[in-house]
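A short worksheet on the structure shown next.
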Amino acid sequence: MRVLRALAASVLWVLAGVLALLGVVLSITIILLPLGIPLLLLARKLFRYSMTLLLPRAVRHPGQELVESPEQQPRRKERSVIGRLKRAF
């Protein structure tokens, strides 16, 4: 699955590069500027999407990878401290 995602990301990356080059060439000519700017924006979106395919999920969405919510973490620490005190005495 990882190889397939990397292959799709590389194909999208090459396609985005070609679209960006075409957008730059179209933007140089003033008459075709309205066609070049949307192509550059589309190329930027494709670059971004290809990079999200390459990155692992934990890097893309670090907040969703948390197992516990931040409110539960201090309670757990308090319980562990109380448990240690009880075991000590």
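Among the residues of this structure, R44 counts as one that is touching a helix residue (DSSP H, G or I) at 6+ places or on another chain (Cβ under 9 Å) and either modelled with pLDDT of 90 or more or acidic (D, E) (or both).
Residues are listed down the side, and each one gets a yes or a no for (1) of a type in the set (V, I, T); (2) modelled with pLDDT under 90; (3) not in a helix (DSSP H, G or I):
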| position | (1), (2), (3) |
| --- | --- |
| L26 | no, no, no |
| G36 | no, no, no |
| T52 | yes, yes, no |
| A58 | no, yes, no |
| R75 | no, yes, no |
| I82 | yes, yes, no |
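The values are calculated or read from the model by the stated rules, or taken from the named source; none is laboratory data. Everything quoted here is computed from the prediction, not taken from an experiment. A quick note on method: Cβ atoms are made from the backbone with ideal geometry, for glycine too, and the neighbour counts reach across all protein chains shown.
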